[in-house]
1. For the range 91-108, give me each residue that is of a type outside the set (A, V, I, L, M, F, W, C) and either buried (at least 18 other Cβ atoms within 10 Å of the Cβ) or in contact with a Pro (Cβ under 7 Å, 6 or more places away or on another chain) (or both).
2. Could you check how many residues of the range 81-93 are touching a strand residue (DSSP E or B) at 6+ places or on another chain (Cβ under 7 Å) and closer than 17 Å to GLU121 by Cα?
3. Do we find that LEU159 is surrounded by 16 or more Cβ atoms within 10 Å (Cβ to Cβ), touching a Leu at 6+ places or on another chain (Cβ under 9 Å) and not assigned by TED's automatic domain parsing to the domain that holds GLN39 in this structure?
4. Going through SER12, SER46 one at a time, which residue ends up being modelled with pLDDT of 90 or more and touching a Lys or Arg at 6+ places or on another chain (Cβ under 7 Å)?
5. Can you tell me which residue within the range 15-41, out of those that are among the aromatic types (Phe, Trp, Tyr) and closer than 17 Å to LEU62 by Cβ, is modelled with the lowest pLDDT?
6. Please list, ordered by residue number, the strands (runs of 3 or more DSSP E) wholly in the range 76-171 having 3 or more residues that are in contact with a helix residue (DSSP H, G or I) (Cβ under 8 Å, 6 or more places away or on another chain) and at negative phi.
7. Regarding ILE77, is this residue at pLDDT 95 or above, in contact with an Asp or Glu (Cβ under 8 Å, 6 or more places away or on another chain) and outside the structural domain of ILE130 (by TED's automatic domain parsing)?
8. Out of all the residues in the range 52-79, which are loosely packed, with under 15 Cβ neighbours inside 10 Å and either among the aromatic types (Phe, Trp, Tyr) or within 18 Å of ASP33 (Cα to Cα) (or both)?
Amino acid sequence: MIEFVTEPKRASKKELSYLQDIFSYQFGYDIADCIFSEQSFYIQRSINTDRIRNILDNRKNLFLVLRAQDNLFSLTINSANKIVECVKPYKLRLVVSNEIAKAIQESGNVFCKHVKQIDHELRAGDQGIIVNENDNVIAVGRLKLSAEEIMEYKRGIALVVKERNKNGTNT
């Protein structure tokens, strides 16, 4: 298999500052301070452009993906778990019932009628974290509608799931 990114290398202070600035812009300074305060990260760069693409945690597990098209982050389950630890409910979250959470974890997207609570600052296109009623991370994805629309509508897709928590709801 051909790899399109370099081998992981520890991020320099300058690179960490750059990544923290992007994260602060996208998710807020308080969350960025919590995420980047105690961890050291590894980065992988694109072979073609030499731009940062993947951010890996201490164990070299994928933590964040820096998208080429808009230079913003896509969340992973690892980063979603850390964000949930760092901020109070329901920041960046969509809450679904425990029954629906099990179905989402296996397959499918999140529909408007299944969302019980949501962070009202979320907009269409934002990254969202799907949690069950116990605030356990179920999946991450991209919102198709704004928070107001999601709570108002009874039909349609609210969020397209990009990654599911394979460990179950026991995170």
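1. ARG93, GLN105
2. The qualifying residues number 5.
3. So LEU159 fits the description; yes.
4. Going through SER12, SER46 in turn, the sole match is SER46.
5. Among those residues, the one meeting the criterion is PHE36.
6. So the answer is 93-96, 127-131, 137-143, 157-164.
7. yes
8. The one that is loosely packed, with under 15 Cβ neighbours inside 10 Å and either among the aromatic types (Phe, Trp, Tyr) or within 18 Å of ASP33 (Cα to Cα) (or both): ASN58.
The values are calculated or read from the model by the stated rules, or taken from the named source; none is laboratory data. Keep in mind that this is a model prediction, so the values were computed, not measured. Backbone-built Cβ (ideal geometry, glycine too); neighbour counts: all protein chains shown.
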